[in-house]
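These notes are about the structure you will find just below.
The values are calculated or read from the model by the stated rules, or taken from the named source; none is laboratory data. Since we're looking at a predicted model, the values are computed, not measured. Glycine gets a Cβ as well: all are built from the backbone with ideal geometry, and neighbour counts include every protein chain shown.
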């Protein structure tokens, strides 16, 4: 070549000092950057954008909902007349429903605390590092453990007569049984979907179903003295 180029090759991991790099990549190699720990990293995570979008959509939905629907407020509180039943706000009705069956320490402290800790800790178990399906590894061992846990949970609920919580537990257990005997190559799309779900997915699904059912029961099916009533009958 008659016209030589004065390109200088070098290695630098400071993107502020050397924002432009020229890298030659062959078919069998990949570009590598030797980076050290820096005080600042110029980045914009995709999850931050999704969180901001979700917050904006939720705010818009709440504003529209408040414009078209009135809040179901009751009259001014009267200290001489206590309503029967005295219900908590709707977001605490599930917890109030648990207080009907368990002692206050169990329903108000132990159960919510253990569930929150489980939802935080379980995703960091080795069983979920690769986000694999719950029953794809150590199938026989995990199936046995699942059956023991499900039967123990059902026995616990039936012993304390928490019949309203049995339904969601049975539904999630049946779905997990289908997942246990499914593979990612199953002909059914639903079975493939369930087979790939990790343990955290099943815990969260059970938690949400229980919360929805308990809140619905406390809202529409509890009358004076916290007795069982039908919402369509006065």
* **Of the criteria (1) over 17 Å from the mean Cα position of the chain (by Cα); (2) farther than 23 Å from residue 190 by Cα, which one residue 142 fails** => (2)
* To do: Could you tell me whether the stretch 90-102 includes any residue that is modelled with pLDDT under 90, under 18 Å from residue 229 (Cβ atoms) and exposed (fewer than 10 other Cβ atoms within 10 Å of the Cβ)?
  => no
* All but one of (1) within 24 Å of residue 138 (Cβ to Cβ); (2) assigned to a helix (DSSP H, G or I); (3) in contact with a helix residue (DSSP H, G or I) (Cβ under 6 Å, 6 or more places away or on another chain) hold for residue 215; which doesn't? -> (1)
* Scan the stretch 168-203 for residues that are surrounded by fewer than 16 Cβ atoms within 10 Å (Cβ to Cβ) and within 30 Å of residue 91 (Cα to Cα) and jot them down. => 170, 171, 174
* Of all residues in the stretch 46-85, how many are under 21 Å from the mean Cα position of the chain (by Cα) and either assigned to a loop (DSSP other than H, G, I, E, B) or closer than 30 Å to residue 226 by Cα (or both)? -> 0
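Any residue in the stretch 116-131 that is in a loop (DSSP other than H, G, I, E, B), without any contact (Cβ under 8 Å) to a residue 12 or more places away in the chain and closer than 24 Å to residue 218 by Cα? Walk me through it before giving the result.
Narrowing the stretch 116-131 to residues in a loop (DSSP other than H, G, I, E, B): 125, 129-131.
Cutting the leftovers down to without any contact (Cβ under 8 Å) to a residue 12 or more places away in the chain gives us 129-130.
Checking the rest, the ones that are also closer than 24 Å to residue 218 by Cα come to none.
Scanning the stretch 116-131, I find no residue that is in a loop (DSSP other than H, G, I, E, B), without any contact (Cβ under 8 Å) to a residue 12 or more places away in the chain and closer than 24 Å to residue 218 by Cα, so the answer is no.
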* Would the stretch 166-175 turn up any residue that is free of Cβ contacts under 8 Å to residues at least 12 places away in the same chain, assigned to a helix (DSSP H, G or I), within 20 Å of residue 217 (Cα to Cα) and touching a helix residue (DSSP H, G or I) at 6+ places or on another chain (Cβ under 9 Å)? -> no
* Asked: Looking only at the stretch 146-161, which residues are free of Cβ contacts under 8 Å to residues at least 24 places away in the same chain and either touching a strand residue (DSSP E or B) at 6+ places or on another chain (Cβ under 8 Å) or surrounded by 12 or more Cβ atoms within 10 Å (Cβ to Cβ) (or both)?
  -> 147, 149, 153, 154, 156, 157, 158
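If I filter the stretch 184-212 down to residues being part of a loop (DSSP other than H, G, I, E, B) and in contact (Cβ under 8 Å) with a residue 40 or more places away in the chain, which single residue comes out as farthest from residue 168 (Cα to Cα)?
Pass one, the stretch 184-212, residues part of a loop (DSSP other than H, G, I, E, B): 184-188, 196-198.
Cutting the leftovers down to in contact (Cβ under 8 Å) with a residue 40 or more places away in the chain gives us 184, 196-198.
Working: 184: 25, 196: 21, 197: 18, 198: 18 Å.
So the residue we want is 184.
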